[in-house]
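The values are calculated or read from the model by the stated rules, or taken from the named source; none is laboratory data. Every value quoted in this text rests on a predicted model; they were computed, and no experiment measured them. For neighbour counting, all protein chains shown are included, and Cβ atoms are generated from backbone atoms with ideal geometry for every residue, glycine included. For accessibility, only protein heavy atoms count, side chains too; no ligands or nucleic acids. Shrake-Rupley method; radii C 1.70, N 1.55, O 1.52, S 1.80 Å.
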Amino acid sequence: MGNEATTSIVWFRKGLRIHDNPALSEALIDAKNFGGGDESKKVLPLFILDPWFCNEKSVGANRMNFLLQSLTNLNENLGSLLSIENVNDANNCLTVVQGKPKDVLPNVIKKFNVSSVYFEKEQVEPFGKQRDEEIIEMCKKLNVDVNTYASHTLYDQEFLLSKASAKGIPPSTMGAFQKVLANVGEPPSPVPEPPKNSLRVIPNAGDALSKEFKYANGIPTLEDLGYKAKSLSFKGGKGGETEGLRRMRGALCRGGDGYKYVQEFDKPQSSPCQLFAKEKGSGKALNPFEMAKKASSSSSPKEESLLWPSTTALSPHLKFGTVSVRQFYFELQDILKNELKGKHTNPPTSLMGQILWREFYYVNACGTPNYDKMVGNRICKQIKWKHDPENLAKWENAQTGFPWIDAAMTQLKEEGWMHHLARHAVACFLTRGDLFISWEEGARVFDRDLVDADWALNNGNWMWLSASSFFYQYFRVYGPHSFAKKYDKEGAYVKHFLPVLKDMPSKYVYEPWTAPLEVQKKAGCIVGVDYPKPMVDHAIASKQCMAWMNEAYAAGKEKKSGGEEKSNKKAKTK
DNA sequence: TTAGAGTTGATTTT
DNA sequence: AAAATCAACTCTAA
C-alpha cells in the first residue's frame, strides 16, 4: 500500500488557465517522472469556493458570474489535456468544492494519498497571504511537498522589491519604477503549454468529498451560491481563458492591418463615455503569434462578436489570470518591435504603459503594510475625512444629482465596469473633490461591484485619486458637470444610463437644474421630482475640500519637519 | 537647496 | 487647437 502511486493537487485560485501556468506545468512534469516513467502520478485540479467571498456582499453578481464562467472554461481546457484512459472524465476534471481551504485541503490530502501541492503564490493580498501561510504550515505537518510560483504578475514581487531599494521600499513614481525595470531586464517568458495526453485525473474525485463538503458535481450556478437572480450585463465578454485570449488578440489587432489601435493607444485621450459596441473587422485579424499557431488551433465557427469600449476591457481577465500578463506582454512586445518597428506611443500612456501601471501598483502593495487603510499606512496622507453615511449612500446609489457621476455609478452597478477616467471622476467626487468622504469607503464599493476588482490596483488608485499618495495636485479637481463634456458633447453616455434624461436638450444634460422649468417639463424630467437636485454646489464644495486638503497636508508637513529637525540635530551633534 | 517633472483639470486667451 | 493662467502639491535628481 505504501508504494502505490500518489497524487498531486494543483490548487487554482487566480491563474484560471492552462497557458503559461507554471504550477500546472510543473505538476504535470513531476507526475510523468514519478515512478521512473512506468507509472505516472495522478493530478487533482482543485478550486475551493470559500464562503468568505462567495456571497453577494463581498463579490457582486457580475464578478461571481465571470468567475463561474472562468471555472467552466478551465474545466473544458483541462479536458483537452486529459490522458486517453480518462476519456470519460472530460466533463469533470476540475473539482470544485465549497468550504474553507484549511478544512478542505487536509481532507483531500488524506483521501487521495496526496504527496505534493502546487499553486500560484499570493504575494500581495493580506487575506490570501495568511491563508497560504496556514496551508503551507499544514502541509509541512502532513509531510506534503508544497511548490509555489509567482505567475500572476510580470515579475516575482519580492524580487522586484529587492531590486527597488536595499530596504525594500517600493518606487513611488512611475519614473523611478521604470528605472528599476531597466535594471532588472525582461520578465520571465511564458512556460510552454502542457502537451495533450499529459493529465491523469482521479475519476469523480469530487464525489468522495461530497459527504463533508458542498460539492456540485460540476460548476455551481449563481443560484447554487445563494445569489438572487439579477441582471447580468457585463459587456466585455464571458469569463474564461478561451474568451480571454480571443479578446487579447482581438485587442492587439484592433484597427485592422497596421496595428493602428496598439500604435496609437494613448490612455488620457480614450473616451470614458464610449459605450461597448461592435467594431468593424476587430477580433478577426490574427496577430503574429496566432499566425504561427494557426495550423494546430481550431476556432469555433459560431463565435460571438466582441464588444469594445475605448480601452481593451481585458482587466477582468488579468484579475482572474484567465489571460497571463506575461503572455500579453510578449505578444504586445512582438508587435511593437517587429510589426511597428518602434513607431508607436510609449509608456506610461501607451498600452504597454497600462501593463506597467499594474506592476507598479503590485510592487507598492507588496512593499506597503496596511496598504488598504489610511491609518498605519506609510505612504498615505492622514486626512480627516467626513463620516457621512447619507452622502455616501447617495453617491453609491447614483443619486448625486450630477448626471455624469450618476451615469457612471449606474454603469458600475449594472455592468460591473467603468472606463478608468469615469472611475477617476466618481472617486474624485466622493473624496477630495466634493463630498470629502474617505477613499476607503469608495474602495469598498468598487471592490464589491467591479468585475475586474483587484486589491492592489483598487486601493492604489483610490489613494491616487484622493491625493492620499502617488498624486498630490489636489487643486486639480474633476468637474462633475464639465469633465465628460469634452468627450461626449451630446451626452449620449448619460442618456444611455439615465433614461430619465433622454429627452433633455444636450445643452442642459450635464446640468439639468439649469434648464428653464418649461424645458424640464417638455423633456419629462423635472429636477427635484424625476431626477435629484445636485447634492452640493460644486464651486463651493470643491473650494472647501481644497482648504481641508491644504490643512491636512500642512499638518502632515509639520509632523514630518519636526521629526527631521530632530534627526538633523542628531546629525550635527555627531 | 532648487529646478523640473508628474499618464488623464478647468477656464480663458491666443 | 494650442498656450497661458489659475495657485501651488510632492518627488527626484542634480
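Some observations on this one:
- For region A:405-481: rounded, prolate or oblate by the Cα gyration tensor [a/c cutoff 1.5]: oblate
- Taking a ≥ b ≥ c as the square roots of the eigenvalues of the Cα gyration tensor, an a/c ratio of 1.5 or more together with a/b no larger than b/c marks region A:2-152 as oblate.
- Taking only the alpha carbons of region A:175-228, we obtain Rg and Dmax values of 21.7, 55 Å in that order.
- In this view, the solvent-accessible surface of A:Arg200, computed with a 1.4 Å probe and all protein chains in place, comes to about 50 Å².
- Full extension of the chain segment joining A:Leu222 with A:Phe471 gains 85.7 nm, where the gain is 0.36 nm per residue of separation less the Cα-Cα distance.
- GluC sites (Glu not before Pro) lying in DSSP loop within region A:95-149, provided at most 13 other Cβ fall within 10 Å: none
- Neighbour cut-off at most 12 other Cβ (10 Å), DSSP loop, trypsin sites (Lys or Arg not before Pro), region A:322-419: A:Lys341, A:Lys343, A:Arg378, A:Lys384
- Out-of-range pairs (alpha-carbon distance over 28 Å; input A:Lys121/A:Lys163; A:Lys14/A:Lys337; A:Lys14/A:Lys230): A:Lys14/A:Lys337
- Measuring r between the beta carbons of A:Ile169 and A:Asp266 and using R0 = 41 Å, the FRET efficiency lands at 0.85.
- C-alpha long axis of helix A:325-334 to longest principal axis of chain A, angle in °: 80
- Only helices enter this figure: runs of n ≥ 4 DSSP H residues, each worth -39500 (n - 2.57), summed and divided by the residues of chain A, yield -12500 deg cm²/dmol at 222 nm to the nearest 500.
- Dipole in debye (nearest 20) - chain A, about Cα centre, beta carbon charges: Lys, Arg +1; Asp, Glu -1: 1640
- For A:Val117, residues with placed amide H under 5 Å, excluding near neighbours: A:Ile9, A:Asp145, A:Val146, A:Asn147
- Solvent-accessible area, 1.4 Å probe, carbon plus sulfur percent, for chain A: 52
- For A:Lys394, a cut-off of 16 angstrom between C-alpha atoms picks up these lysines, skipping any fewer than 8 places away in its own chain: A:Lys386, A:Lys413, A:Lys533.
- Our note on the geometry: Cα centres of region A:453-493 and region A:235-274, 22 Å apart.
- Centre-to-centre, using Cα atoms only, region A:377-428 and region A:74-153 are separated by 37 Å.
- Three-way shape label, region A:345-464, alpha-carbon gyration tensor, a/c 1.5: oblate
- Å² per residue, accessible surface of chain A at 1.4 Å: 46
- At most 15 other Cβ within 10 Å, DSSP loop - GluC sites (Glu not before Pro), region A:216-256: A:Glu223
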